[in-house]
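Every number in this text was worked out from the coordinates using simple rules, so none of it is lab data. Given the structure is predicted, the values throughout are model-derived calculations rather than measurements. Glycine gets a Cβ as well: all are built from the backbone with ideal geometry, and neighbour counts include every protein chain shown.
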Amino acid sequence: MKLTDSKKFRMWMLKFAIRNHHPDSPYVDMIFHSTPYPESENAYDFCEHQWYLTPHPDKIGEPIKDERYEMMIVPTWLIQELGWDGMYLYCKVTDKQTRDVHDTETVKLDRDFDKVLESGTVFFKVADYDEHGMIVPVDQLAEM
């Protein structure tokens, strides 16, 4: 079955990325929020989540074991280690009250973050880690 065969709509995800502070390091942590509720709300009160990988964005994927959370962090080193280059990531979200099921948008994974961006994936924010592992706010990057 294809995802596009269903009458489901695709939910957008809130996406962030944080680059390693070493200029020679290719590693980036990509953070995906499947149901970005306001901080005052708890997504788990409203939805159940399951993340999937698929080789094609229109095909139903395989569930990723133990990834049943609203958010998933995917470091580029993990994509390389697990052989996820070229795979598509999405989350199946089930409304606890209505039992309606919706899939998020799919994101093409690549160990090279520039290729993720070139694939059309838009991140809400891209930041950097400093030398101590703290996240440098985007507005402070120009001051460094």
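Once both labels are positioned 7 Å from their Cα atoms along Cα-to-Cβ, the gap between residue 37 and residue 14 label points is 1.2 nm. With Cα atoms as the point set, the radius of gyration and Dmax of the chain evaluate to 16.0, 51 Å.
Let's test the formula: R0 of 41 Å, r as the Cβ-Cβ distance of residue 58 and residue 135. What FRET efficiency results, to the nearest 0.05? Spell out each step's value before the answer.
Working: r = 35 Å, r/R0 = 0.85.
For R0 = 41 Å, the calculated efficiency reads 0.75.
Using the alpha-carbon centroid of each, what span in Å lies between the stretch 77-113 and the stretch 32-55? The stretch 77-113 and the stretch 32-55 have Cα centres separated by 11 Å. Quick one: grab the alpha carbon gyration tensor of the stretch 41-102, order the square roots of its eigenvalues as a ≥ b ≥ c, and give me rounded if a/c is under 1.5, else prolate or oblate depending on whether a/b is larger than b/c. Oblate is the answer for the stretch 41-102, as a/c is 1.5 or above yet b/c matches or exceeds a/b. With a Förster radius of 25 Å applied to the beta-carbon distance between residue 97 and residue 126, the computed FRET efficiency rounds to 0.10.
Hey, with R₀ at 30 Å, roughly what FRET efficiency would residue 22 and residue 69 work out to, going by the Cβ-Cβ distance, to 0.05? Write out the running numbers ahead of the final one.
Working: r = 29 Å, r/R0 = 0.96.
Rounded to the nearest 0.05, the efficiency is 0.55.
The helix-only estimate of mean residue ellipticity at 222 nm for the chain, built from DSSP H runs of length n ≥ 4 each weighted as -39500 (n - 2.57), is -3000 deg cm²/dmol after division by the residue total.
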